[in-house]
Amino acid sequence: MPPRLLSTIQLASDYKLPRSSVYELMAKEGFPKQIELTERRVAWVESEVLDWIASRKTTLKVS
């Protein structure tokens, strides 16, 4: 089964983020890299985003 891809709008909507926050996350080290689908369209692999969220939860618990 192919991985589920999330557009910028889906990522923002599914994870309750303003689109501006998605762009800020893109600039941070460790956030999953987007896949360029076309010249003007990118997407993220949902499982990579979920893994990143899980790693953030672990980091927050340790701190």
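Numbers at a glance
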read-out	value
Degrees separating the helix 46-62 axis from the principal Cα axis of the chain, which is the longest one	20 degrees
Percentage relative contact order, the chain, counting C-alpha pairs under 8 Å, at least six apart	36 percent
Nonlocal amide H pairs with Val42, under 5 Å, H built at 1.01 Å	Thr8, Leu37
Backbone N under 13 Å from the Arg56 label point (7 Å along Cα→Cβ), restricted to region 1-15	11-15
More than 16 Å apart - percent of Cα-Cα pairs taken over region 5-62	43 percent
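Only the coordinates and a few stated rules stand behind these numbers; no lab work does. Nothing here was measured: the structure is a model prediction, and the numbers come from that model. Cβ: placed from backbone, ideal geometry, glycine included. Neighbour counts: every protein chain shown.
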